[in-house]
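All remarks here apply to the structure that follows.
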Amino acid sequence: MGARSHLEGAEGRRLGGSRANYAYAAKPGTTVEDAVVVTNHSAEALDLRVYAADAFTTASGQLDLLAAGKKSVDLGAWTTVATSSVHVPAHGSKTVRFTVRVPKDAAPGDHSAGIVTSLAQQAAGSTVTVDRRLALRMHLRVAGALAPAMTVSDVHVAAGSSVNPVATVPVTVRYRVTNTGNARIVPAGTITVTGPFGWAKVSLPDDAPEVLPGSSVVRTVTVPGVRPLGRASADVDVHAVAVGVGGGATASASGAASAWAVPWAVLVVVVLVVLGAVLLPRLLDRRRPAVGDAAVSPGAPGSTSAS
């Protein structure tokens, strides 16, 4: 059985209660003290590294932490763990304290990190070392003006096709949402695809995951039921709500792009009809004898002609 461990947040000095993550509200220049309980569920003792690391949102929308070799510059750097390693006996647990020192010049708004335990193990039959990490999220909101903001960029539109000349096609819209404010936000967007002169207008809601300040997510949405009538325009309208302690502020942003939605099946039919209209008469003309043509042949044996 492989080694397993479990993390629990401990409430200050009580160390008895457990939490799924940490959430604080603090003023610049203050200090927050807390602890994490590391529990070993395996029959083997574990030697774990313990450290704090800055958090970010991946392009796919997952919350992740900086790798051990990368230097934290935000909440991860403000957090000092009492010990860099811990020995946890089989079926036992250890409490590790940590301290968050908020700089006096800390920017107001949300800052995110995680308390990480790392177990480095060599894969069976290989020389590759696998770093198995478990972490608890930590969000801290520094007092001050909360200013959620975001941008929508890199909008790309691609239209599908169909062999049915009267069928609709799907249109794929890809776009990037970047959190440019100082609050954690949960964006929700509406994708509208419109054909020429307002025809074939289709709207589709799209809910994105939580995005941390400074991070971006890339969304790909397929809008069905669009008629390929030429140029298809996509409008992306995104609204976001700040979450966390004292959340509720909103932000909005938009972007647009267009692409050709060509009715290829219709064009093929039209081309075939035109070619038929042009070539068929020519083929018929070639097979029809010309009017007024005379046929001359030698006379039959023994025949005479009058002069």
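The values are calculated or read from the model by the stated rules, or taken from the named source; none is laboratory data. Not measured: the values here are computed from a predicted model. Ideal geometry is used to build each Cβ from the backbone, glycine not excepted, and the neighbour counts take in all protein chains shown.
Give me the pairs, please: first residue somewhere in region 38-51 and outside the structural domain of Ala77 (by TED's automatic domain parsing), second residue anywhere and surrounded by 15 or more Cβ atoms within 10 Å (Cβ to Cβ) and among the hydrophobic types (A, V, I, L, M, F, W, C), beta-carbon distance under 8 Å, and either six or more positions apart or on two chains.
From residues that are outside the structural domain of Ala77 (by TED's automatic domain parsing), there are no pairs.
Could you list all residues from region 28-40 that are surrounded by fewer than 20 Cβ atoms within 10 Å (Cβ to Cβ), of a type in the set (S, T, N, Q) and either outside any loop (DSSP other than H, G, I, E, B) or within 25 Å of the chain's Cα centre (by Cα) (or both)?
Within region 28-40, Thr31, Thr39 meet the criteria.
List pairs: first residue in region 135-160 and on the phi > 0 side of the Ramachandran plot, second residue of a type in the set (Phe, Trp, Tyr) anywhere in the structure, Cβ distance under 7 angstrom, at least six positions apart or on different chains.
Asp154/Tyr175
Give me a count of the residues in region 46-62 that are in contact with a Pro (Cβ under 8 Å, 6 or more places away or on another chain) and either surrounded by fewer than 19 Cβ atoms within 10 Å (Cβ to Cβ) or assigned to a loop (DSSP other than H, G, I, E, B) (or both).
Filtering region 46-62 for residues in contact with a Pro (Cβ under 8 Å, 6 or more places away or on another chain) gives 57, 61-62.
Still in the running and either surrounded by fewer than 19 Cβ atoms within 10 Å (Cβ to Cβ) or assigned to a loop (DSSP other than H, G, I, E, B) (or both): 61-62.
Qualifying residue count for the region: 2.
What is the one condition in (1) surrounded by fewer than 17 Cβ atoms within 10 Å (Cβ to Cβ); (2) at pLDDT below 90; (3) not in a loop (DSSP other than H, G, I, E, B) that Ala43 does not satisfy?
Going through the list (1) surrounded by fewer than 17 Cβ atoms within 10 Å (Cβ to Cβ); (2) at pLDDT below 90; (3) not in a loop (DSSP other than H, G, I, E, B), Ala43 breaks only (3).
Of everything in region 174-197, what is over 20 Å from Pro224 (Cα atoms) and in a strand (DSSP E or B)? Give them in sequence order. Reasoning before the result, please.
Taking region 174-197 as the starting set, the residues that turn out to be over 20 Å from Pro224 (Cα atoms) are 176-187.
The answer is Arg176, Val177, Thr178, Asn179, Ile185, Val186, Pro187.
Need at least 2 residues that are within 30 Å of Ser42 (Cβ to Cβ), touching a Phe, Trp or Tyr at 6+ places or on another chain (Cβ under 8 Å) and of a type in the set (Val, Ile, Thr) per element, so show me which strands (runs of 3 or more DSSP E) inside region 63-147 make the cut, counting only ones lying wholly within it.
On the way: elements: 63-65, 79-81, 85-88, 93-101, 109-122, 129-142.
Per the criteria, 79-81, 109-122.
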